[in-house]
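Following: one structure in structure tokens, then a few remarks.
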Amino acid sequence: MKEESGQEEKWICDKCKEKLELHKVKVSYLGGNFEVELLKCPKCNNVFISEDLALGKMLEVEKGLEDK
Ligand SMILES: [Zn+2]
């Protein structure tokens, strides 16, 4: 059983039609460090932000920015 469908969403780069790879990226924000997994295109190095992240962490980050 090597089916991976369902568990992994299919993220494809619009530009090069390459399958995106998950990369852990360290992010520094307001003196704090946290690690996030971002989808990156191996060809053009475009980084895609998943919906979860956009709606969760990134929103928090933006909120922090505005509050300051
Ligand atoms: Zn690409």
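The values are calculated or read from the model by the stated rules, or taken from the named source; none is laboratory data. This one's a predicted model, so the numbers in the text were calculated from it and none came from an experiment. Here the Cβ positions follow ideal geometry from the backbone for every residue, glycine too, while neighbour counts run over all protein chains shown.
Some observations on this one:
- Residue in region 45-61 that is touching a helix residue (DSSP H, G or I) at 6+ places or on another chain (Cβ under 8 Å), assigned to a loop (DSSP other than H, G, I, E, B) and at pLDDT 60 or above present: yes
- Annotation: of all residues in region 21-46 being within 8 Å of the ligand (Cβ to nearest atom) and either under 13 Å from the mean Cα position of the chain (by Cα) or of a type in the set (Asp, Glu) (or both), the one that is surrounded by the most Cβ atoms within 10 Å (Cβ to Cβ) is 41.
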